[in-house]
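Before any comments, here is the structure.
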Amino acid sequence: MTGNDRYPGVPVTIVMPTYNEAANLPRMAELVLGLPIDGLHLKIVDDSSPDGTGRIAEELAEKYNWDGRRRMSVLHRTEKDGLGRAYVAGMTAALDEGAAYVVQMDADGSHPVEAVPRMLGTAVASGVGLVVGSRYVEGGSLDEEWGKHRVLLSRFANRYARTVLGTKIRDITAGFNLWSAATLRDVDLATLDSAGYSFQVELKFKAVRAGHSAVEIPIRFEERTEGVSKMNLSTQIESALVPLRLRMRNRRG
């Protein structure tokens with residue numbers, strides 16, 4: 001069954017940060033807004049992309065917001081200060097607008113759009129606060145285009161963060177996640193410190209520490225077909241330091 005068949009009217013917002021994703025966004029918007037979920041809303045958070053992604057997002061919103069339905073919106077940020085900050089802005093806006101569930105999704109096509117109804121169904125049926133689209137549970141996989149170095153780095157980062165934090169979430173660095181509104185409110189998004197990709201780790205860790213359960217469902221993670229990855233040395237360093245900071249703070253607490 002689809003999310004629409006079983007959960008009509010459940011407000012779900014997909015938050016999708018963008019920076020120079022003009023080549024990917026039209027296709028992603030079409031796929032997302034074609035999902036069989038009545039209450040679905042797509043929120044683009046654009047960090048003043050030089051390639052005109054923000055303008056394209058506005059044009060797409062005008063296209064899809066017809067017949068009195070507000071299916072897509074754009075949040076423009078004037079400062080590019082990290083993926084984590086973009087997500088906090090988008091997720092906070094989604095909660096303020098009444099979303100019952102918030103989905104994190106990349107704009108580059110690496111996350112399988114068709115998995116969203118399955119993630120929603122899992123959350124509603126089980127009552128968990130977090131559903132992770134996982135590369136590292138049985139049935140999950142990575143695109144063959146990933147080089148051996150990237151695969152090893154990704155697996156190491158997950159094992160490192162899991163070991164330092166003592167978590168059972170196998171894909172704690174995953175960026176494809178569905179959250180209940182209650183979980184995000186309990187975590188208090190404004191208190192998160194991570195600016196970059198380590199936001200994914202910090203948010204999951206704090207959610208579990210707050211008493212919320214997580215379920216992982218397998219996905220296939222695809223290689224982007226357009227544009228370039230935003231991962232750089234500074235984000236890799238931050239990703240290594242954040243688990244240590246979280247553990248030290250937790251010990252002091």
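The values are calculated or read from the model by the stated rules, or taken from the named source; none is laboratory data. Every value quoted in this text rests on a predicted model; they were computed, and no experiment measured them. Positions of Cβ are generated from backbone atoms using ideal geometry, with glycine treated the same way; all protein chains shown enter the neighbour counts. When the accessible area is computed, the model is the full protein with side chains, heavy atoms only, and any ligands, DNA or RNA have been set aside. Shrake-Rupley method; radii C 1.70, N 1.55, O 1.52, S 1.80 Å.
Observations on the model:
- In terms of the mean number of neighbouring beta-carbon atoms within 10 Å, the peptides 62-75, 9-22, 118-131 order highest first as 9-22, 118-131, 62-75.
- Pairs of Lys residues in the stretch 30-183 are counted when their Cα atoms are under 29 angstrom apart and they lie 8 or more places apart or on different chains; the count is 4.
- If the chain linking residue 27 and residue 182 were pulled fully straight, counting 0.36 nm for each residue of separation and taking away their Cα-Cα distance, it would gain 52.7 nm.
- Efficiency of FRET from Cβ geometry, residue 159 and residue 55, R₀ 35 Å, rounded to 0.05: 0.25
- Note that the stretch 155-194 presents 46 Å² accessible area per residue, ligands and nucleic acids not counted, probe 1.4 Å.
- Per-residue ³J(HN,Hα) for the stretch 78-85, Karplus 6.51 cos²θ - 1.76 cosθ + 1.60, θ = phi - 60°, Hz, x for Gly and Pro: 8, 10, 8, 10, x, 4, x, 5
- Surrounding net charge for residue 95, when Lys and Arg each add one and Asp and Glu each subtract one, Cβ distance under 12 Å: -2
- The modelled label-to-label distance between residue 148 and residue 126, using points 7 Å beyond Cα along the C-beta direction, is 3.5 nm.
- Accessible carbon and sulfur surface of the stretch 66-180 relative to its total accessible area, %, 1.4 Å: 51
- Estimated at 0.36 nm per residue, the fully extended path between residue 97 and residue 213 surpasses their Cα-Cα distance by 39.3 nm.
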